[in-house]
Amino acid sequence: MARNDLEIGREYFCRELTSGKNLNGIFRIEKSNINARLHQLDDPFFLKEESILLRLENNCFVTMHDIYKSIGMNYDLTEPKLSSYNCSIGASIAIVGRDEWKEDDPIRRVSFDIAHTNDLLRHSKTFNAMAEAKVGKHPDSTIFKLKVGLMQVSAWYAASGNSDFKRATTIGVRYSLEFDEPVTIRSYLPWVDCIVRFMSAALGHNFVPSKIEVSRVSFENYMKAIEAQTYIGDHVINYIWSETPPPSGSLCVGRAFTHVRDKKELAHFIDCLRVWIERYEAWENSASLMMMAFKMRDVISSERLLTSCKWLEEIPGADSAVVVSAHDIDKIASVAAAEADRLGHGEFKDRVKGVIRGQLKTETNAQRFNRLVASVRKRFGENAFGETIIDDLVQATKFRSKVAHGHFSAANEKQFKHFAKCTFAMEALCYLLTIRDLPMKPAGARRAPGTEIVSNHRLNY
C-alpha cells in the first residue's frame, strides 16, 4: 500500500479543520461512496464550506471536494436536557496526502494504473531484465517516453516484492503525464482519459484509471526533493467510479492493432499514441461513444443501437459526402419549382427548391456506407466485414429511426437476431473507422478485425 492510500471500507477517526470548529467524526471510503460523519455535543452547527479538510488518525489529510451534506440531531427533553448534532458529508472526490489539496492547486505530474492492460505493454527485453534483476538492482524500467505538445507521456514497470525473495514478485505497469503548464483537478482528467481510451481501443474494452496520484512539482524537482529528503509524497485522488472487469480470456494482445513486444512494435505503438493524442480534441466525442459501446458488450438493446449510430455521427470525416454540385442542384431545383408553378402549386416553389437541395446534396445511406466500407477494407483487408455489411448498415439506420420514435419491438427471435447483427455491423464499422488512420504496422491492421467488436458481425449470421 502506498504511503497515502487508505483501506477501502475501513473507518478512520477524523477531525475537521476547515470551519474552525474542530469537529470530530469518522471518515470512510467505500467502492460506492466517500463519506464523513461529524459530531458535536450540545451546540448545533452547520458547515457552509464547499470543500472540507479532515485530518485522519494516521496523520493523513483528506480534502473532500464536490460535497453534499445532510444534518441530523438527537434531543432528550428529560432533565438534564441533552442534545447532540451530526453532519453527514458525501463527496465525489477525496484527495489524500500530507497536506490540504485546494481546487486551484497546480498539478505538474499525474501517475496512474490501468488495470488489465499490463500484457499490452509487455516489452520482452525490458520486462525480462526487470524480472531477472535482484531486488535493489533493477535496471531502467522505462517502457517509453513521448513528448506531445506541452505534455510528456511515459510508462514504466513498477516492481514489488518482499525480503523472502531475491527478485521482484510482482511487476506492473504505471503510466505518467507531466505538464509543462500546470493544470488542476478540474482540467487534468481529460488527458488521463485520452490515454485510457487509447488502451481501451487497442484491447477493445472499457477501462478506467486507478491509483491516481498527483504532484505539484515536476519530475526534476521531485528528484531534487527526494535527495534533500524534503518531499512529502504525492497526493492520492479517489473517485467513485464503476469498473467492469473483462471476462476471462476476452482480452488478447494478438488481436490488438498495436502493442510493444519488441523494438519495432514499440516504435509503431508510440507513433499511434502520438497521433491519437494530437487529434484527440476533434475525436473526443467519438472516443467517448466508443467507450459506451464497449461497456454494453453484454446487452442487445435499443440504447446500444442508438449509441453505435451516434458514434458514427461523431467520427470526423464519416458524414455523407456531397455528390451533386451546387450549380447542378440549383438548376434542378429551378426546373422543379417552375413545374410546380405550372401545375398550380406556385406557393410551394420555395419549399420544392429546399427539399431538392437537401435531398440531392449528399449521398444516400447506401452510397455512404459503400464508400466508408471500401476505405476500411482497403486498410484492414477484404475480410474485415461479413458479406452482408452494406445491407446490415442500411437496415441499422432504419432500425434507428424506429427506435428513436419509440416504434420498434422485435416481433420474433428472427427479427431480434437481425437487429443484433445490424447493431454489430454499425459498431464494427465505427471501431475500424476510429483506428483506421493511426500509423499501425500492416501486421497490426491485419490483427484489428479480430477484435470482438468487429468479429461480432462476421460470427453472427
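In the stretch 29-153, what is the volume of the convex hull around the alpha carbon atoms, normalised per residue and reported in Å³?
Convex hull of Cα atoms, per residue: 193 Å³.
For the stretch 107-280, report the accessible area per residue in Å² (1.4 Å probe, heavy atoms, rounded to an integer).
Using a 1.4 Å probe on heavy atoms only, each residue of the stretch 107-280 averages 47 Å².
Taking Cα atoms of the stretch 10-93, Rg/Rh with Kirkwood Rh, to two decimals?
My calculation puts Rg/Rh at 1.00.
What's the magnitude of the charge dipole for the chain around its Cα centre, counting Lys and Arg as +1 and Asp and Glu as -1 at the beta-carbon? Answer in Debye, nearest 20.
The dipole of the chain has a size of about 1680 debye.
Charges on Cβ only, +1 for Lys and Arg, -1 for Asp and Glu, centred on the Cα centroid of the stretch 107-280; of ASN118, GLN229, LEU189, which one is farthest towards the dipole's positive end?
ASN118
In the chain, carbon and sulfur make up what percent of the accessible area (probe 1.4 Å)?
50 percent
Add -39500 (n - 2.57) for each DSSP H run of 4 or more in the chain, then divide by its residues: what number comes out at 222 nm, to the nearest 500 deg cm²/dmol?
Mean residue ellipticity, 222 nm, calculated: -12500 deg cm²/dmol.
Once Lys and Arg get +1 and Asp and Glu get -1 on their Cβ, which of LEU266, PHE13, PRO106 lies farthest toward the positive end of the dipole of the chain?
Sorting the options by dipole projection puts first LEU266.
Assuming R0 = 45 Å, what is the FRET efficiency of ILE232 and LEU77, from their Cβ-Cβ distance, to the nearest 0.05?
E(calc), rounded to 0.05, equals 0.35.
Over the stretch 376-445, with a single point scatterer placed on each C-alpha, what log10 of the ratio I(q)/I(0) does the Debye formula yield at q = 0.13, 0.17 1/Å?
-0.46, -0.68
Which angle from 0 to 90°, rounded to the nearest 10, does the C-alpha axis of helix 365-380 make with the longest principal axis of the chain?
Taking the Cα atoms of the chain, the angle to 365-380 is about 60 degrees.
Give a residue-ordered list of calculated ³J(HN,Hα) values for the stretch 26-38 (Karplus: 6.51 cos²θ - 1.76 cosθ + 1.60, θ = phi - 60°; whole Hz; x for Gly, Pro).
Taking θ as phi minus 60°, the curve returns 10, 10, 8, 10, 10, 5, 10, 6, 10, 8, 10, 10, 9 Hz for the stretch 26-38.
Per residue, how large is the accessible surface of the stretch 10-93? Use a 1.4 angstrom probe and give square angstrom.
That works out to 57 Å² for each residue.
How far apart, in nm, are two points set 7 Å out from the Cα along the Cα-to-Cβ line at ALA158 and at ILE26?
In this crude label model, ALA158 to ILE26 measures out at 3.0 nm.
Once the cut-off is 20 Å, how many percent of the Cα-Cα pairs in the stretch 97-200 end up in the long-distance tail?
In whole percent, the share of Cα-Cα pairs in the stretch 97-200 beyond 20 Å is 48.
Pull up the cross-link candidates among the lysines for LYS69, meaning alpha carbon to alpha carbon under 30 Å and not fewer than 8 places away within one chain.
Once the sequence-local lysines are set aside, what remains near LYS69 is LYS21, LYS31, LYS48, LYS81, LYS102, LYS211.
Between helix 189-203 and the chain, what is the angle of the helix's C-alpha long axis to the longest principal axis, kept within 0 to 90° and rounded to the nearest 10?
The angle comes out at about 60 degrees.
Averaged over all directions, how much area does the convex hull of the C-alpha atoms of the chain cover when projected, in nm²?
34.1 nm²
Quick one: Kirkwood hydrodynamic radius for the stretch 107-280, alpha-carbon pairs, angstrom, one decimal?
The answer is 17.3 Å.
Expressed in nm², what is the orientationally averaged projection area of the convex hull enclosing the Cα positions of the stretch 204-316?
For the Cα atoms of the stretch 204-316, the hull's average projected area reads 10.8 nm².
The values are calculated or read from the model by the stated rules, or taken from the named source; none is laboratory data. What you see is a predicted model; the values in this text were computed from it and never measured. Quick reminder, even Gly has a Cβ in these numbers, built from the backbone with ideal geometry, and neighbours come from all protein chains shown. Areas reflect the complete protein model, heavy atoms only, side chains present, ligands, DNA and RNA absent. Shrake-Rupley method; radii C 1.70, N 1.55, O 1.52, S 1.80 Å.
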